[in-house]
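A.B. asks: Please find one structure pasted underneath; my questions will follow.
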Amino acid sequence: MTEQKNIRINVELIRDWAQNCLQQAGAATELAQAMAENLVAADLMGFRTHGLMRLRYNLTCLQDGSSRANGQVKVLSQRAAVQLWDADLLSGLYVMPKAVDAAMTMARQCGTGTVVVKRAQHVAALAVYLEQATAQGMLVQMMCATPGQQVVAPYGAKTAWFSPNPFAFGAPTQGHPILFDVSLSMTAAGKVRKAIAEGQPLPYPALITAEGNYTTDATTFLADPASVLAPLGGEQLGYKGSGLCLFSELWTLGLSQLGRHQEQAGLDANTVWVQVVDPAAFGDPEEFKHQAQAMVDGIRATTPIDPNRPVRVPGEGAFKIRQEQSKHGIEYSAALWRQLEKVALSTGIPLPNS
């Protein structure tokens, strides 16, 4: 069998195509533009499981009404530096930049600003929103939980309670900002689905079977009864990830007052906590950047275990991938390109030529 080659496609062309597909599904122009931009931004940075791999899902949500095609968020409560929003099933890809902007506005006045957003449909990769704040010299951190989802087991359990709960932060330096984005489970559900699609095992035991065994077999995620995701730390140190999941859900589901006992099971709407801090409220913002840069330089100066694999600062890999793909086009696997071809067929909007 001939090995199928990956596809390279111009960033603007694939972004415009995705926007056209989303608009055809009913999304208002501004909403479709933000959704396409942030899905493609994830692909540009190498977050493949949160890029156009999720386009069909977003189109389906728009078509079946589980994602609103237009409208604005509702501000439910606010103080000088705090706001609670209800996105009412607007796409998180559209709502998140607005939440970061609102948090930055409060931070300029108060030194910090926090926005908690509930019922935002498909937020995708938190990393793509971080530079919005770091470009303005601000610190930003985010946590996300999904009250309608239970796929992560608390430490010591073989049944699920938590969602995967990504956590991200960004900080400005004198060079590239620091960008960090991880799941508080051993892996994300999207990566398990990707391993299943590719017929590959997981790189480490990230699943717990119904019998209580840790496994790398991704197909157990589709078994009946299905395996569940292990918390960050795995079999030996999962109490750390379990505690962090609880922390993130107190700051999201707790503060939004919308928990699993209230939300419709299976609804893939997210609750997000966004906080921005303005270093200028504490002193010279340039001195903060100097301090952050010293930390980055110190990390890079440490001795690597493998000389061929230099120690990296969070975000460096994403910047490298984005720079290369911005120049040469985004690289999609043949399998993912086939998925996009099916979207093109169903929408009647041809994919751009690679």
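A.B. asks: If the requirement is being in contact (Cβ under 8 Å) with a residue 40 or more places away in the chain and aliphatic (A, V, I, L, M), which of these qualifies: Ala195, Ala188?
C.D. replies: Among Ala195, Ala188, only Ala188 is in contact (Cβ under 8 Å) with a residue 40 or more places away in the chain and aliphatic (A, V, I, L, M).
A.B. asks: Check every one of the strands (runs of 3 or more DSSP E) wholly within region 118-219 and list those with 3 or more residues that are under 28 Å from Ala27 (Cβ atoms) and open to solvent by less than 10 Å² (accessible area, probe 1.4 Å).
C.D. replies: 139-145
A.B. asks: Turning to a different aspect of this structure: Take region 222-269 and flag every residue that is more than 30 Å from Asp101 (Cα to Cα), of a type in the set (Gly, Ala, Ser) and not in a loop (DSSP other than H, G, I, E, B).
C.D. replies: Gly234, Gly238, Ser242
A.B. asks: Another one. Go through the residues of region 15-24 one by one and say whether even a single one is farther than 23 Å from Lys191 by Cβ, of a type in the set (A, V, I, L, M), open to solvent by less than 60 Å² (accessible area, probe 1.4 Å) and modelled with pLDDT of 95 or more.
C.D. replies: Yes, because at least one residue in region 15-24 is farther than 23 Å from Lys191 by Cβ, of a type in the set (A, V, I, L, M), open to solvent by less than 60 Å² (accessible area, probe 1.4 Å) and modelled with pLDDT of 95 or more.
A.B. asks: Name every residue in region 35-77 that is open to solvent by 50 Å² or more (accessible area, probe 1.4 Å), farther than 18 Å from Ala25 by Cα and among the charged types (D, E, K, R), in order of residue number.
C.D. replies: Residues satisfying the conditions are Arg48, Lys74.
A.B. asks: Can you tell me which residue among Ser91, Ser77 is of a type in the set (Gly, Ala, Ser) and within 19 Å of the chain's Cα centre (by Cα)?
C.D. replies: Of Ser91, Ser77, the one residue that is of a type in the set (Gly, Ala, Ser) and within 19 Å of the chain's Cα centre (by Cα) is Ser91.
A.B. asks: Also, quick follow-up: Report every pair of residues separated by at least 6 positions or lying on different chains whose Cβ atoms are under 7 Å apart, first residue within region 155-166 and among the basic types (Lys, Arg), second surrounded by fewer than 18 Cβ atoms within 10 Å (Cβ to Cβ).
C.D. replies: So the pair list comes out as Lys158/Ala210; Lys158/Gly212.
A.B. asks: Could you list, in sequence order, the residues of region 300-320 that are part of a helix (DSSP H, G or I), among the hydrophobic types (A, V, I, L, M, F, W, C) and open to solvent by 70 Å² or more (accessible area, probe 1.4 Å)?
C.D. replies: Across region 300-320, the qualifying residue is only Ala301.
A quick yes/no check of all residues on (1) under 18 Å from the mean Cα position of the chain (by Cα); (2) open to solvent by 30 Å² or more (accessible area, probe 1.4 Å):
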residue	(1), (2)
His261	no, yes
Ala265	no, yes
Asn270	yes, no
Asp278	no, no
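A.B. asks: Test of understanding: among Val276, Val343, Val272, which residue is in contact (Cβ under 8 Å) with a residue 40 or more places away in the chain and assigned to a helix (DSSP H, G or I)?
C.D. replies: Numbers: Val276 fails: assigned to a helix (DSSP H, G or I); Val272 fails: assigned to a helix (DSSP H, G or I).
That would be Val343, the only listed residue that is in contact (Cβ under 8 Å) with a residue 40 or more places away in the chain and assigned to a helix (DSSP H, G or I).
A.B. asks: Being surrounded by fewer than 21 Cβ atoms within 10 Å (Cβ to Cβ) and on the phi > 0 side of the Ramachandran plot is the requirement here; does Gly254 meet it? First the steps, then the outcome.
C.D. replies: Working: surrounded by fewer than 21 Cβ atoms within 10 Å (Cβ to Cβ): yes; on the phi > 0 side of the Ramachandran plot: no.
No, not satisfied.
A.B. asks: Right, another one. Filter region 78-109 down to the residues that are of a type outside the set (Asp, Glu) and either open to solvent by 60 Å² or more (accessible area, probe 1.4 Å) or in a loop (DSSP other than H, G, I, E, B) (or both) and list them by number.
C.D. replies: Residues satisfying the conditions are Gln78, Arg79, Ala80, Ala81, Val82, Ala87, Leu89, Lys98, Thr105, Arg108, Gln109.
A.B. asks: Out of Arg54, Arg79, Arg48, I need the residue that is farther than 18 Å from Glu263 by Cβ and either among the polar types (S, T, N, Q) or without any contact (Cβ under 8 Å) to a residue 12 or more places away in the chain (or both). Which one?
C.D. replies: Testing whether each residue is farther than 18 Å from Glu263 by Cβ and either among the polar types (S, T, N, Q) or without any contact (Cβ under 8 Å) to a residue 12 or more places away in the chain (or both) leaves just Arg79.
The values are calculated or read from the model by the stated rules, or taken from the named source; none is laboratory data. Everything numeric here is computed off the predicted structure, so don't read it as measured data. So basically every Cβ, Gly included, is an ideal-geometry build from the backbone, and we count neighbours across all protein chains shown. When the accessible area is computed, the model is the full protein with side chains, heavy atoms only, and any ligands, DNA or RNA have been set aside. Shrake-Rupley method; radii C 1.70, N 1.55, O 1.52, S 1.80 Å.
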